[in-house]
1. Can you find even one residue in segment 306-327 that is surrounded by fewer than 21 Cβ atoms within 10 Å (Cβ to Cβ), at pLDDT below 90 and of a type in the set (Phe, Trp, Tyr)?
2. Can you tell me which residue in segment 205-232 is surrounded by the most Cβ atoms within 10 Å (Cβ to Cβ), limited to those that are charged (D, E, K, R) and over 30 Å from ALA369 (Cβ atoms)?
3. Please name all residue pairs, on different chains or six or more residues apart, with Cβ atoms under 9 Å, provided the first residue is in segment 353-378 and is at positive phi and in contact (Cβ under 8 Å) with a residue 40 or more places away in the chain and the second residue is part of a helix (DSSP H, G or I) and surrounded by fewer than 22 Cβ atoms within 10 Å (Cβ to Cβ).
4. Would you confirm whether any residue within segment 60-69 is modelled with pLDDT under 85 and surrounded by fewer than 24 Cβ atoms within 10 Å (Cβ to Cβ)?
5. Does segment 341-351 hold any residues that are modelled with pLDDT under 85, closer than 19 Å to LEU283 by Cβ and surrounded by 24 or more Cβ atoms within 10 Å (Cβ to Cβ), and which are they?
6. Cβ-Cβ under 7 Å, sequence separation 6+ or interchain: first residue in segment 32-58 and charged (D, E, K, R), partner not in a loop (DSSP other than H, G, I, E, B). Which pairs?
7. Is it the case, given these coordinates, that SER395 is under 14 Å from the mean Cα position of the chain (by Cα), buried (at least 24 other Cβ atoms within 10 Å of the Cβ) and not aliphatic (A, V, I, L, M)?
8. Looking at (1) out of contact with any Phe, Trp or Tyr (no Cβ under 9 Å at 6 or more places or on another chain); (2) over 20 Å from PHE266 (Cα atoms); (3) touching a residue at least 60 places away in the same chain (Cβ under 8 Å), can you tell me which one ALA164 breaks?
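The values are calculated or read from the model by the stated rules, or taken from the named source; none is laboratory data. Predicted model, so just to flag it, every value in this text is computed and none were measured. Neighbour counts are summed over all protein chains in view; Cβ atoms, including those assigned to glycine, are modelled from backbone coordinates with ideal geometry.
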Amino acid sequence: MTETTVAAPEPAFKLARAPVGLVILLGAATAFAALSIDMYLPGLPAIAAGFHVPTAAAQATIAAFLGGLAIGQLFYGPASDRWGRRWPLIGGGVLYVIASIVCATAPSLPVLVAARFVQALGGCAGTVIGRAVVRDLFDHRNAARVLSLLMLVMGAAPIVAPLAGGALVAAYGWRAIFWILTGFGVLMTVAVVFYLKESRSAETAAQARSEHPFRAYLALLRQPALVGYMLAGGLNSAALFAYISASPGLLITTYGIPPARFGLVFGANAVGLIGMSQVNGHLLRHYTPERILSMARMVSLVFAAVLTLDAFTGLGGMYGVLVPLFFVLGSFGFMGANTTAAGLNVDPVRAGSISSLMGVTTFGLGAAASAMISAFHDVGPRPMALTVLLAISGSAVALYTLAQPRGR
């Protein structure tokens, strides 16, 4: 008789303590993108009305921002490996502030779209360099733990930002949102100047100076495991951005939720994602990031299939869509930190370049998902559900065939 073996947790792993100030600073730096998207979502219908265009046309500002995030990442990773983490981050902050002012004063939708693209070019510095700083200071599993902790700070954006954005739109109009973002950019840049210490190692600097950035990229792209983690995380983010892009039209237009209450639903989903990211932090005491990924991805596939079924059949109405969507988004709390930590661990000396490649993949696929949502010209649940299912399915294929070919 064959004995059945039950997989047991690994021995408890001692996790390092991360300074609270560092977690707050890096969390806020990496929150540039989330804040810049989530705060202005409630104002999207008002922006469309102000420029006399359909809401679907105004969604181009989301795709432009995601495209800027994807392109900008190619520069900041190699730059931070070669010149250090601080100065590229400061330069990105200054660019973000200037572009935010242009957004606040934009006279037309094309100008706003262009300014959002430039705003993203500046804001993505925090996303790329924040991850690289974490890998500079912590080893593989501790990096995953710290990245989960950053979600406590980053996660405030999807909860607070839509509520604040809705209140600002109601009281002062949509342009007020971009003045607030300008102030946030100024504060963060000043904080980096005075409080963030250089963390890049001499080994990383020597490696960066010895090879052209494109050679570093080519060397990294030849590693199937890294490509697998990039695609697994990037397609997971594509599903998230499909939801973000569709949520104003779906919740406000289709389901009739007032803009002032939009943030409550949006924030509830963010709470689920943040909560699961903290559960992930506890699981890292007993399991590696790779093992958690292999378990979590299958769970999210099940909920994505239920979401799509309900969206196309109308089963359960609004709650038939929102309830499985909550669980789909919650499962993402196990994906982001672990795919990032696993990918950075493939070649730690090139942490900045890996962070760039992962960022390009994340936001490039996110921009494609956002553009797909806009192309449907349908604010109902079907485009969002189908895009989410396709993205999560692709993420699972990349994870189980490239990153973990023998994954269980």
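1. No, segment 306-327 contains no residue that is surrounded by fewer than 21 Cβ atoms within 10 Å (Cβ to Cβ), at pLDDT below 90 and of a type in the set (Phe, Trp, Tyr).
2. GLU211
3. From segment 353-378, the pairs are HIS377/ALA56.
4. Scanning segment 60-69, I find at least one residue that is modelled with pLDDT under 85 and surrounded by fewer than 24 Cβ atoms within 10 Å (Cβ to Cβ), so the answer is yes.
5. Residues satisfying the conditions are ALA341, LEU344.
6. ASP38/ALA157; ASP38/PRO158; ASP38/ALA161; ASP38/PRO162
7. no
8. (2)
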